[in-house]
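Okay, so here's the structure we're looking at.
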Amino acid sequence: MRMNLPVIRKTLEYDTWPVFKAMLKEIGLARQHLDSYNTFLERGLQEVIDAFKGFEIETPKGTYEIKFGKIRVGRPRVIEHDGTYVENIQPSLCRLRGLTYAAPMMLEFYIYKDSHHIDSREIHIGDLPIMLKSKACILSTMTPEQLIEVGEDPDDPGGYFIINGSERVIVGLEDLASNSILTSIEESGGVTKYIAKILSVKGILRTQVTVTLRKGIVMVEIPWVPVPIPFIVLMKALGFEKDEDIAKAVSRNDEILSAILPSFDKAPKIESQEEAIVYIGNRAAFGASKEFRIKRVEYILDNYLFPHIGTSIEDRKLKGYFLAEMVRRVAELSLGLREPDDRDHYANKRLRLAGPLLAQVFAKAFKRMIKDLKYQLERRYTSKLELAIEAVIRPSYVTSRLYKALATGTWSLRTTGVTQLLDRTNFLSTLSHLRRIQSPLSRTRPQFEARELHASHLGRVCPVESPEGQNIGLVKNLALSAIVSKERPTELIFEVLLSLGLIKLDEAADEAWEKGAKVFLNGNFVGFALNPEEFTKKFRELRRRGQIPEDVSISLKRPKYEGDYAEIYVYCDAGRVLRPLIVVKNGKPLLRKEHIKAVEEGVLSWRDLIKMGLIELIDASEEYDILSAYSMKELTPEHTHLELTPYGFL
């Protein structure tokens, strides 16, 4: 017998529907798209520009240097056939006339000649499609009455684009979490290999490092080096010249070290950091001069090995500690002290929404435009270079690639179907489409585990809505209670960790290494906490008081064997799927009936409940470290949280 919503509400100990309704009203069902796109406007565009910095041109009259400044997105506009601009174009007009709802991007160019600043100006570099109801959209500040006047539905959530008159929505992509170590076991030719991989991401740069343990030998695959490098050699290249220092960086446990002992015994006889760099250079730049080989390897170590940790010489030691952590995990894996990571668990996944996806296309298009600009300036050299830039720059490089990506959904040779025509069959179809997510895995392979419902999907992914056929389990929808995290400043969270007693990795003494818990911030090994239980508790108290953003998570993994480290994981990155839970203390929920009545009467808002610490947003990683009750009847003093509502699971 099917139960309707009123019947379900009567069966609950106390009715939380007003709270859930307030959440849906305040946040909206397309908020994940809008937040991601707004972050792209605020920081993503500028990060791409900053990654390129500028370029130089050699001319007979001296060296010109062009540097990039701030990028600005203007108001939506279209260009008529006679070349005139129509400013503040309305989306409804774009739908009727088959136009693209976009705005100009203006970039500051600073021109230097022989290191002397000679000119600066703002130049149009292309048009950016505007997401409806985002900060750059003219509809975002309109009242419902004004929206009706301009031909828009006041209940329309936005979160989509208008390309050539058609409404296109970006379908979120499930991706493995970047900057986090993932372990696995592979059988090959009767030999077992224990593997740790990481996709290191900093801005638009993405590199992968793989550590493999086979018969006690640890080898490392790093970018731009065609063959695996012995772990010991790479550690010495990073500044760990003594075997004793390398062993201590991996573990203080003799059993762990015994699993990788052959790596030390059979390592090449290298005594210094320079010898190790030359060894790697012989494989990275074979046949080149010694000086070139050394510079090449140093550039790779600084810029392509774990770029998320840093890109300076001072960061090499920290990279060595992180590499040692990867080796420790494969050693534990080989001894049966650690289970392989579950790639289908939502703690190990992130959603790539409009912001990161558009940044990827924009970076490629901008790179090509700058390459063409440099070529044109060198070919058509003029004494008035500042005038020449506007004459030869081709904004169409950026505009056409952004338009094409959104119009076709093709992001790369392997990534297609990223955008789709928005389903306007009815209002529910539209909302469903805006909540849709998809896996990049091939539809033609079985891959049963990836298609099955996972325990970590509860409250994050709808267990019912998935198409039949080859898309089943790979195309899903976010649950009603699911909220996608925004990117928060890592520096701010790091300062909070320091205030709670974090011992920096490069300042840690033997006591921290022997008794402390390892602390990871967005997957990066940043230091130790001597009292992990108290450290985690104080962090959550700060979050509940509103001193830390509500979508920052913390979890504590306790030791599993004697000599094991406790591990604290803090995440403040974008794309984590969170769900709201009621905070419980001493077996009683902090959200009481009077709070619910205040929400129903409009005295309290959803945001107020978060700020008061009555409700918390929990991601799949933190869910490891809590005990949540399904109903009031199940509550015990050991429980830390209570489910907000069962109908939020769908």
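The values are calculated or read from the model by the stated rules, or taken from the named source; none is laboratory data. Quick caveat, the model's predicted, so the values are computed rather than measured. In this analysis, Cβ positions are derived from the backbone assuming ideal geometry, glycine residues included, and neighbour counts consider all displayed protein chains.
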**OP:** Using the structure shown, decide if Ala388 is within 30 Å of Glu122 (Cβ to Cβ), at pLDDT 95 or above and among the aliphatic types (A, V, I, L, M).
**Re:** no
**OP:** Would you mind stating whether Phe448 is aromatic (Phe, Trp, Tyr) and either surrounded by fewer than 16 Cβ atoms within 10 Å (Cβ to Cβ) or within 23 Å of Leu353 (Cα to Cα) (or both)?
**Re:** yes
Subject >> Selection from the range 620-650 of residues that are in contact with an Asp or Glu (Cβ under 8 Å, 6 or more places away or on another chain), within 20 Å of Arg544 (Cβ to Cβ) and outside any loop (DSSP other than H, G, I, E, B) >> reply: Ser628, Ala629, His641
**OP:** Specify which of the listed residues (Lys193, Lys135) is within 30 Å of Asn522 (Cβ to Cβ), part of a strand (DSSP E or B) and among the basic types (Lys, Arg).
**Re:** Lys193
Subject >> Filtered residues of the range 247-267 (kept if in a loop (DSSP other than H, G, I, E, B), among the basic types (Lys, Arg) and under 22 Å from Lys319 (Cβ atoms)) >> reply: Arg252
**OP:** Hey, could you check the range 87-126 for residues that are among the β-branched types (Val, Ile, Thr) and farther than 16 Å from Ser396 by Cα and say which is surrounded by the fewest Cβ atoms within 10 Å (Cβ to Cβ)?
**Re:** Ile118
Subject >> Residues of the range 453-487 that turn out to be under 20 Å from Val171 (Cα atoms) and in a loop (DSSP other than H, G, I, E, B), as a count >> reply: 19
**OP:** Return a yes/no flag: does the range 168-180 have any residue that is more than 30 Å from Phe525 (Cα to Cα) and not hydrophobic (A, V, I, L, M, F, W, C).
**Re:** yes
Subject >> Selection within the range 413-445 - over 30 Å from Lys25 (Cβ atoms) and surrounded by fewer than 17 Cβ atoms within 10 Å (Cβ to Cβ) >> reply: Leu413, Arg414, Thr415, Thr416, Gly417, Pro440, Leu441, Ser442, Arg443, Thr444, Arg445
Subject >> Criterion violated by Ser631 - all others in (1) modelled with pLDDT under 95; (2) touching a Phe, Trp or Tyr at 6+ places or on another chain (Cβ under 9 Å) satisfied >> reply: (2)
**OP:** Check off (1) outside the structural domain of Val361 (by TED's automatic domain parsing); (2) over 29 Å from the mean Cα position of the chain (by Cα); (3) free of Cβ contacts under 8 Å to residues at least 12 places away in the same chain for Glu186 and give me the number that stays unchecked.
**Re:** (2)
Original post:
So which helices (runs of 4 or more DSSP H) stay within the range 488-577 end to end and still have 3 or more residues that are surrounded by 13 or more Cβ atoms within 10 Å (Cβ to Cβ) and not hydrophobic (A, V, I, L, M, F, W, C)?
Top reply: 532-544
Original post:
Just one of Glu167, Glu152 is in contact with a Leu (Cβ under 9 Å, 6 or more places away or on another chain) and part of a loop (DSSP other than H, G, I, E, B); which is it?
Top reply: Glu152
Original post:
Of the conditions (1) on the phi > 0 side of the Ramachandran plot; (2) surrounded by 14 or more Cβ atoms within 10 Å (Cβ to Cβ), Gly190 fails just one. Which one is it?
Top reply: (2)
Original post:
Do we find a residue being more than 25 Å from Pro356 (Cβ to Cβ), among the basic types (Lys, Arg) and at pLDDT 95 or above anywhere in the range 558-566?
Top reply: no
Original post:
In the range 265-308, how many are over 36 Å from the mean Cα position of the chain (by Cα) and crowded, with 18+ Cβ neighbours inside 10 Å?
Top reply: 2
Original post:
Of all residues in the range 292-345, how many are closer than 20 Å to Glu274 by Cα, in contact (Cβ under 8 Å) with a residue 12 or more places away in the chain, hydroxyl-bearing (Ser, Thr, Tyr) and part of a helix (DSSP H, G or I)?
Top reply: 1
**OP:** State yes or no: is Leu617 under 14 Å from Trp17 (Cα atoms) and either not hydroxyl-bearing (Ser, Thr, Tyr) or not assigned by TED's automatic domain parsing to the domain that holds Ile256 (or both)?
**Re:** no
